[in-house]
1. With the cut-off at 19 Å, tell me which of the pairs K185/K466; K7/K621; K229/K420; K552/K602; K172/K288; K185/K559 have Cα atoms farther apart than that.
2. Set the Förster distance to 25 Å, then compute FRET efficiency between Q583 and N613 from the Cβ-Cβ distance, nearest 0.05.
3. Could you report segment 345-432's accessible area per residue, 1.4 Å probe, as an integer in Å²?
4. Amide H of T150 versus every other amide H placed in the peptide plane: which residues, excluding those fewer than 5 positions away on the same chain, fall under 5 Å?
5. Using only the alpha-carbon atoms of segment 390-546, report the extent along each of the three principal axes, biggest first, to the nearest angstrom.
6. Over all alpha-carbon pairs of segment 377-455, lay out the pair-distance distribution in 5 Å bins, whole %, shortest bin first.
7. Amide H of I258 versus every other amide H placed in the peptide plane: which residues, excluding those fewer than 5 positions away on the same chain, fall under 5 Å?
8. At 222 nm, what value in deg cm²/dmol follows for the chain if DSSP H runs of at least 4 each add -39500 (n - 2.57) and the sum is divided by all its residues, to the nearest 500?
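The values are calculated or read from the model by the stated rules, or taken from the named source; none is laboratory data. All values derive from a computational prediction rather than experimental measurement. Using ideal geometry, Cβ is built from the backbone for each residue, glycine included, and neighbour counts are taken over all protein chains shown. These accessible areas exclude ligands, DNA and RNA; they are computed on the full protein's heavy atoms, side chains included. Shrake-Rupley method; radii C 1.70, N 1.55, O 1.52, S 1.80 Å.
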Amino acid sequence: MATVTQKIISGHLAEGSLPEAGEEIALRIDQTLTQDATGTMAYLEFEALDIPRVKTELSVSYVDHNMLQTDFRNADDHDYLKSVAAKYGILFSRPGNGICHQVHLERFAVPGRTLLGSDSHTPTAGGVGSLAIGAGGLDVALAMGGKPFTMNMPEVVGVKLTGKLQPWISAKDVILELLRILKVKGGVGKVFEYFGPGVETLEVPERATITNMGAELGATTSVFPSDEKTGEYLWLQGRADSWKELKADSETDFSEIIELDLSGIEPNVARPHMPDQVCKVSELEGKKANQVIVGSCTNSSYRDLMTVALALKGKKVHPDVSFCVLPGSRQVYETLARNGALADLVSAGARILEAACGPCIGMGQAPRSGAVTVRTFNRNFRGRCGTQDAEAYLVSPETAAAVALNGTFSDPRKLGGAIKVPPEKPIIDDSMVTRPPEDGSLTEIVRGPNIAPLPELRPVEDRMEKEVLLKTGDNVTTDHIMPAGAKILPLRSNIPAISEYVYVNVDPEFPKRAKEKGGGFIIGGENYGQGSSREHAAIAPLYLGVRTVIAKNFARIHKANLVNWGIVPLEFENPSDYDLVEQGDVISLESLEEGIRSGKVKAVNKTKGKEFNAVCSLGGKSKEVLLAGGSIMHAKSA
Ligand code: MIC
Ligand code: SF4
């Protein structure tokens with residue numbers, strides 16, 4: 001008797017049997033995906049491992065983030081990725097083919113298989129019953145090399161769906177409802193597995209919207225069962241052979257059950273500047289909006305864009321609104337183009353962008369200063385849209401259509417008769433996925449001048465005495481630590497250059513101070529490092545000399561990234577000791593090696609003359625990796 005999650009995990013354990021939640025496990029990985037913004041690092045790391053060809057069933061390298069070609073940098077990186085893919089046996093999804101998660105769901109995700117992706121929204125593939133997990137690039141590089149992925153056995157929370165969504169309400173409203181209840185750290189250490197009679201009322205793209213944004217709960221992943229709807233979706237994609245049925249045996253296998261009646265859900269919106277600041281759209285009725293954007297890996301499926309096209313057909317968007325649409329994949333783009341829906345969107349006044357992440361990661365379409373921007377995306381952290389003082393709101397495609405038409409927040413149910421978009425046979429054309437040659441060994445890797453070598457790595461020092469360079473509050477995101485956007489993203493393959501932007505929107509002096517002081521500590525609150533999987537939020541601070549972060553607790557992927565790069569993640573044993581430390585204090589840690597092994601480190605605040613204990617809560621394998629100075633050092637010493 002087991003849940004879908006437990007079944008997939010037990011079938012993929014590299015050793016032993018299913019342990020208790022919280023214990024370290026090693027999971028065999030069937031598929032990997034990378035995207036360009038994390039991929040350049042992941043492949044530089046893969047090259048460093050010196051393995052001739054990937055050992056996975058399938059590895060795909062996508063180009064979807066760094067798509068603005070304002071100078072040579074991004075284009076050079078694309079060519080680097082293309083050549084690496086050919087050399088090592090990786091499929092290369094060319095720029096223009098779409099957002100990694102949308103394309104992977106359509107073309108490659110398989111029920112019951114494991115997928116590790118260097119992007120936090122990899123769980124999108126959970127929409128077809130794949131166990132899909134986001135990780136740092138180094139973990140993905142190791143998985144491509146055939147190494148199992150180390151993580152803690154998650155608790156499996158069952159989300160029991162009953163009822164049926166009302167017209168004009170959609171999957172985005174469901175996941176926003178969960179975020180309202182559970183908040184951005186409500187899912188740490190958990191997998192959310194959906195079950196119950198409501199499941200069959202949701203099509204795969206809707207399920208994928210929900211699993212995608214489970215990342216915002218901090219969850220390890222989210223997964224739906226694989227049922228007839230999954231079979232139908234895969235059949236429409238010409239992949240009926242990939243289907244197999246997969247469901248939980250009984251409700252009693254879940255560690256906890258959350259019940260959600262779909263019939264009672266209303267249009268929701270996440271207010272600035274966190275995805276869990278959720279209220280009902282009706283509470284904001286009449287508030288003026290300057291920009292509306294439909295797209296991102298959360299809401300860019302054929303179903304979503306078709307819904308918007310039908311809602312806008314024959315109408316015009318409000319003249320005060322800049323309205324943009326980004327299809328999630330070339331498949332969605334072409335299908336809409338051929339069935340006329342694209343013409344309806346253009347005629348309504350939409351600015352159509354290419355199939356990519358685009359404005360979701362601040363790559364263009366930054367709104368005007370002080371703007372209210374309404375997006376179907378998954379993250380609304382301050383400044384992520386490219387405008388520091390803009391207010392970003394997250395909504396469903398239905399609500400986005402209503403706001404675009406009215407120029408103000410308005411309940412989509414007022415748009416009139418219900419719209420239903422049944423699944424349709426899409427245009428299938430994989431010609432923008434380049435397959436690697438049988439033997440890539442002679443392929444020459446193309447390296448532009450923007451590609452810099454990896455920083456120097458060394459084992460953890462036994463004694464550290466340094467200043468606190470920065471003290472942050474709770475829920476600090478990796479967008480705070482290592483911002484993205486059109487100016488900074490092109491530096492992803494150049495650590496010395498990108499390190500100049502660490503914490504720049506929080507404290508512009510941070511990089512200079514860190515260098516002047518020869519490195520130091522960062523003190524964090526709860527859920528430190530939530531959000532994206534970008535390992536640059538570990539590597540760039542490391543380059544500036546940050547070798548220990550002491551926080552109340554950490555988000556999963558960021559903590560793993562710190563360990564992978566030999567940065568010590570410590571947690572205050574007594575959370576109130578956080579108050580004992582201020583920026584500028586000198587902290588000393590003695591006998592760190594022994595402390596990491598035993599799990600407890602004694603810290604002395606020399607400035608305040610106070611002592612406190614810090615916990616190093618890591619499994620045995622992770623401790624070894626950390627002490628060696630990170631995964632690359634560990635792999636080399638093996
Ligand atoms: C994001 O949505 O923040 C990103 C950009 O896709 C990141 C990856 C990255 O920083 O490259 C993510 O979600 O992991
Ligand atoms: Fe791209 Fe945005 Fe999805 Fe990240 S959240 S993968 S930036 S579309």
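1. Listed pairs above 19 Å: K185/K466; K7/K621; K172/K288.
2. The pair Q583/N613 has a calculated efficiency of 0.75.
3. With all protein chains present, segment 345-432 gives 35 Å² per residue.
4. Amide H neighbours of T150, under 5 Å, 5+ apart: L27.
5. Cα extents, longest axis first: 68, 50, 27 Å.
6. In whole percents, the pair-distance histogram is 3, 9, 10, 9, 11, 10, 12, 11, 9, 8, 5, 2, 0.
7. G158, V159, K160
8. Estimated from H runs of four or more residues: -8000 deg cm²/dmol.
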